[in-house]
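The values are calculated or read from the model by the stated rules, or taken from the named source; none is laboratory data. The structure presented is a predicted model; accordingly, all values stated were derived computationally and were not measured. Every residue, glycine as well, gets a Cβ built from its backbone with ideal geometry; the counts of neighbours run over all protein chains shown. Ligands, DNA and RNA are excluded from the accessible area calculation, which covers all protein heavy atoms including side chains. Shrake-Rupley method; radii C 1.70, N 1.55, O 1.52, S 1.80 Å.
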Number of protein chains: 2
Amino acid sequence: MTSPDVTASFDSMWSDLEPVGRVSSGGYRRFAWTLEDHALREWFAAECARRGLDLVEDRMGNQWAWWWEGPGSVDDAVAAGNPGVAIGSHLDSVPDGGAYDGPLGVVSALATVDGLRTAGVRPDRPLAVVNFVDEEGARFGVACAGSRVITGAMTAERALGLTDADGVSMSEALVSAGRDPQALGRDEETLGRVGAFVELHVEQGRGLVDLGVPVAVASDIWPHGRWRFDFPGEANHAGTTRLEDRRDAMLGYADLVLGARRTAQLRGCVATVGKVAVTPGGVNAIPSHVTGWLDSRGPDEGEVRATVEELRARAADFGATVTEESWTGTTRFDQPLSDRLRGVLGRDDALSVPVLGTGAGHDAGILAAAGVPSAMLFVRNPTGVSHSPEEHAERDDCHAGVVALTTCVTDLVTS
Amino acid sequence: MTSPDVTASFDSMWSDLEPVGRVSSGGYRRFAWTLEDHALREWFAAECARRGLDLVEDRMGNQWAWWWEGPGSVDDAVAAGNPGVAIGSHLDSVPDGGAYDGPLGVVSALATVDGLRTAGVRPDRPLAVVNFVDEEGARFGVACAGSRVITGAMTAERALGLTDADGVSMSEALVSAGRDPQALGRDEETLGRVGAFVELHVEQGRGLVDLGVPVAVASDIWPHGRWRFDFPGEANHAGTTRLEDRRDAMLGYADLVLGARRTAQLRGCVATVGKVAVTPGGVNAIPSHVTGWLDSRGPDEGEVRATVEELRARAADFGATVTEESWTGTTRFDQPLSDRLRGVLGRDDALSVPVLGTGAGHDAGILAAAGVPSAMLFVRNPTGVSHSPEEHAERDDCHAGVVALTTCVTDLVTS
């Protein structure tokens with residue numbers, strides 16, 4: 001299906017990206033609207049230009065690179081009832097994230113364009129490669145910020161007011177990056193161009209390892225959310241203040257951490273406290289304020305909700321306030337589109353292509369929830385490790401992912 | 001005893017210092033070898049120069065400003081069996097610390113020089129005003145680094161290898177500040193000049209409030225130390241990793257926080273976890289490493305030690321390694337010197353001057369442990385709050401502190 005050129009193209013792009021934002025752990029720190037992010041966006045623009053794609057940024061700065069040879073413009077095709085197919089993912093990372101989460105989907109999408117051209121495919125409808133901004137939410141705390149804003153799942157006002165660890169607001173970060181915060185908002189024009197979105201992503205579990213195959217189609221995304229717990233205290237000297245006179249904000253935080261694990265276990269969910277901020281943060285000062293961030297997900301929406309409510313009640317005993325920073329209910333991917341992908345990939349036996357759910361959020365989930373027919377392909381992850389420098393996919397499986405995506409897109413753009 | 005000029009001098013110096021390193025909380029961030037610290041050291045040098053004092057830096061960069069009109073040099077006086085008297089404290093702060101912890105002692109010492117001169121006192125032995133560097137250990141984690149290095153309580157090698165939150169070593173920080181890391185070490189010459197050291201400090205408790213008097217003499221410093229607990233984990237995705245597959249470093253940390261409070265309560269000590277560092281620190285990433293710093297103190301050395309050992313055993317269940325970053329046993333201040341101060345301050349009834357112990361470490365404690373006769377004066381703190389923007393002392397009490405210090409020093413240098 002693909003020529004050696006396509007795998008060479010994949011390998012070459014992969015080498016380009018390897019050093020960008022890599023830190024001493026071997027992992028990556030590629031946060032939205034930082035110098036590393038700018039470098040990645042420029043790299044994406046250059047790869048698109050090299051392929052003659054027309055790069056358009058939407059109201060949030062997500063990059064859409066269109067391949068359409070007419071007749072007419074992309075918008076003419078849309079107006080004629082022939083909306084486009086989009087493929088891609090994101091280039092940003094969590095702190096010390098792996099190389100694959102995000103970039104695998106973007107690089108595979110660009111390689112797919114090469115694969116279609118090598119095979120002589122000329123799309124009957126517009127094809128876009130997309131790079132979503134700020135998928136991980138590592139800097140401003142809300143995941144999938146790029147897709148949430150253009151679908152209206154997050155208002156521009158809320159997005160602009162989010163702040164990073166240094167107190168810089170997204171609005172200020174956008175201005176620093178030479179952008180116009182006023183532009184943000186739901187982007188009907190962009191969404192209207194997309195008749196189908198397919199995101200390829202490294203699997204974040206060991207489902208494909210157990211099944212012994214390299215590629216699967218996604219079924220749904222678990223309900224998931226993030227909550228900020230703010231525990232109040234009173235700063236004082238750690239040596240001279242009697243225990244009974246203290247209001248130590250760290251105690252409530254510690255109770256949250258242990259309570260989250262216990263409650264999630266009982267309710268069949270997962271719950272994690274992976275980020276904490278302490279004021280003043282001195283070894284010999286009693287904490288006057290501790291903020292902990294809870295991430296909770298699970299196959300059952302009611303159980304996830306109940307987990308968070310139990311933790312909220314516990315934290316109230318410590319005077320905490322709890323803020324829901326994000327919440328996404330169960331997201332089912334588009335059934336006809338997913339079935340079509342399974343049919344194309346499985347040829348005679350669609351049932352041979354596995355279907356997997358996931359506990360991770362994705363831009364494809366945000367688009368799906370907004371009514372854009374969306375689907376995902378997962379590529380095997382030999383250890384299941386994700387959001388870690390140890391995240392990995394074998395190169396052969398990456399190439400198999402490109403082949404699968406090329407097969408799917410060929411079908412989607414030529415029938 | 002003091003003229004209105006002395007209180008005016010105190011007030012003027014206090015106003016000078018107020019803006020330096022103040023942050024939005026109203027507290028201070030004045031960390032060793034930062035721009036704020038440089039500004040404070042320059043201010044100190046200028047105040048000493050204005051008074052005609054001879055400024056000498058020791059092997060660690062602690063600033064000693066000598067007043068000695070002869071005969072001969074300071075070292076001649078020392079050689080003649082007439083060592084000097086030193087007074088002072090430190091100018092650095094904890095994160096979001098108060099204005100008084102440290103600066104009150106330095107400003108009072110400088111005002112005392114003015115007081116002696118106004119009263120026409122000409123010292124019969126050398127008098128130094130000292131500004132110790134890095135007393136709080138806010139940046140590199142070890143309190144009283146300045147006095148520990150010159151007394152040999154901490155080796156130069158250990159000091160130079162300490163790192164701050166950005167991974168900058170003390171050695172690198174010293175080089176950045178234009179200093180020579182090779183100079184560090186026990187400083188016999190400096191210690192030999194000091195026959196007595198008196199540190200005035202704001203009280204870090206409510207002992208003087210209860211007693212209804214503005215000034216006390218210190219008896220001892222509780223045994224105290226700092227321990228770093230390193231909890232290992234494995235970075236992974238917070239949404240896709242089953243609870244039973246996780247190694248979440250935050251769980252052991254939370255257990256330490258709650259265990260520290262409970263164990264200290266049972267053993268009549270205090271224990272605090274006021275600082276934590278999480279890797280990678282993302283909301284949707286399971287922590288691969290958490291470091292927590294424990295501060296523990298109490299009136300009884302054995303109970304403090306037992307508290308730490310219990311916590312060490314608990315943490316071992318989570319695979320943690322525990323490093324003792326500092327430890328100082330019970331420090332009794334010099335009895336003859338302290339009695340003399342009480343006698344001078346109490347005139348006819350030394351027993352009218354209260355004696356208080358403290359859970360806070362001080363440079364005076366480090367010098368005392370190294371054999372330098374040392375004593376402390378405490379100034380009333382109306383709320384007892386310390387290491388917080390709310391730390392306070394009434395201006396009248398500050399002036400009373402200067403009067404007391406002037407009374408003591410007059411006695412020490414003229415008999």
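Key figures for this structure:
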item: Residue under evaluation B:ALA235, criteria (1) more than 7 Å from chain A (Cβ to nearest Cβ); (2) closer than 23 Å to A:GLY281 by Cβ; (3) at pLDDT below 95, criterion not met; result: (1)
item: Residues that are in a loop (DSSP other than H, G, I, E, B) and without any contact (Cβ under 8 Å) to a residue 60 or more places away in the chain, drawn from region B:1-58; result: B:PRO19, B:VAL20, B:SER24, B:GLY52
item: Candidate set: region A:243-263, residues that are closer than 18 Å to B:ALA238 by Cα and open to solvent by 30 Å² or more (accessible area, probe 1.4 Å); chosen: the one farthest from the other protein chains (Cβ to nearest Cβ); result: A:ARG262
item: Filter result for A:VAL198 (in contact with a Ser or Thr (Cβ under 6 Å, 6 or more places away or on another chain), more than 13 Å from chain B (Cβ to nearest Cβ) and closer than 30 Å to A:GLY102 by Cβ); result: no
item: Any hit, region B:226-241, residues being without any contact (Cβ under 8 Å) to a residue 12 or more places away in the chain and either buried (at least 24 other Cβ atoms within 10 Å of the Cβ) or outside any loop (DSSP other than H, G, I, E, B) (or both); result: yes
item: Among the candidates A:SER24, A:SER89, residue that is assigned by TED's automatic domain parsing to the domain that holds A:ALA196, closer than 27 Å to A:GLY205 by Cα and in contact with a strand residue (DSSP E or B) (Cβ under 9 Å, 6 or more places away or on another chain); result: A:SER89
item: Residue check for B:GLY81: closer than 26 Å to B:SER9 by Cβ and in the same structural domain as B:ALA375 (by TED's automatic domain parsing); result: no
item: Sole exception among (1) among the basic types (Lys, Arg); (2) under 30 Å from A:GLY384 (Cα atoms); (3) touching a helix residue (DSSP H, G or I) at 6+ places or on another chain (Cβ under 6 Å) for A:ARG41, by number; result: (3)
item: Cross-chain or 6+ apart pairs with Cβ under 7 Å, region B:383-395 first and without any contact (Cβ under 8 Å) to a residue 40 or more places away in the chain, then of a type in the set (A, V, I, L, M); result: none
item: Tally, over region A:77-123, of residues that are more than 23 Å from A:GLU42 (Cβ to Cβ), in contact (Cβ under 8 Å) with a residue 12 or more places away in the chain and among the aliphatic types (A, V, I, L, M); result: 6
item: Region B:383-403, residues that are open to solvent by 10 Å² or more (accessible area, probe 1.4 Å) and more than 14 Å from every other protein chain (Cβ to nearest Cβ); result: B:GLU394, B:ARG395, B:ASP396, B:ASP397, B:HIS399, B:ALA400, B:VAL403
item: Subset tally (residues that are touching a residue at least 24 places away in the same chain (Cβ under 8 Å), open to solvent by 60 Å² or more (accessible area, probe 1.4 Å) and out of contact with any strand residue (DSSP E or B) (no Cβ under 8 Å at 6 or more places or on another chain)) for region A:308-334; result: 3
item: Some residue of region B:370-378 being at negative phi, within 14 Å of chain A (Cβ to nearest Cβ), open to solvent by less than 50 Å² (accessible area, probe 1.4 Å) and within 16 Å of the chain's Cα centre (by Cα); result: yes
item: Matching strands (runs of 3 or more DSSP E) fully within region A:264-359 where at least 2 residues are within 21 Å of the chain's Cα centre (by Cα) and more than 9 Å from every other protein chain (Cβ to nearest Cβ); result: A:321-328, A:355-358
item: Selection count, region A:60-69, where residues are under 18 Å from the mean Cα position of the chain (by Cα) and assigned to a loop (DSSP other than H, G, I, E, B); result: 3
item: Among the residues listed as A:VAL413, A:VAL304, the single one being closer than 29 Å to A:VAL107 by Cβ and of a type in the set (Val, Ile, Thr); result: A:VAL413
item: Any chance B:PRO389 is more than 20 Å from B:ASP411 (Cα to Cα), touching a His at 6+ places or on another chain (Cβ under 8 Å) and assigned to a loop (DSSP other than H, G, I, E, B); result: no
item: Any helices (runs of 4 or more DSSP H) falling wholly within region A:142-219 and containing at least 1 residues that are crowded, with 22+ Cβ neighbours inside 10 Å, touching a strand residue (DSSP E or B) at 6+ places or on another chain (Cβ under 9 Å) and among the polar types (S, T, N, Q); result: A:145-151
item: Any hit, region A:5-15, residues being within 22 Å of the chain's Cα centre (by Cα) and under 27 Å from A:MET170 (Cβ atoms); result: no
item: Residue within region A:73-85 that is buried (at least 24 other Cβ atoms within 10 Å of the Cβ) and touching an Asp or Glu at 6+ places or on another chain (Cβ under 7 Å) present; result: no
item: Test for B:LEU258: is it out of contact with any Asp or Glu (no Cβ under 8 Å at 6 or more places or on another chain) and not in a loop (DSSP other than H, G, I, E, B); result: no
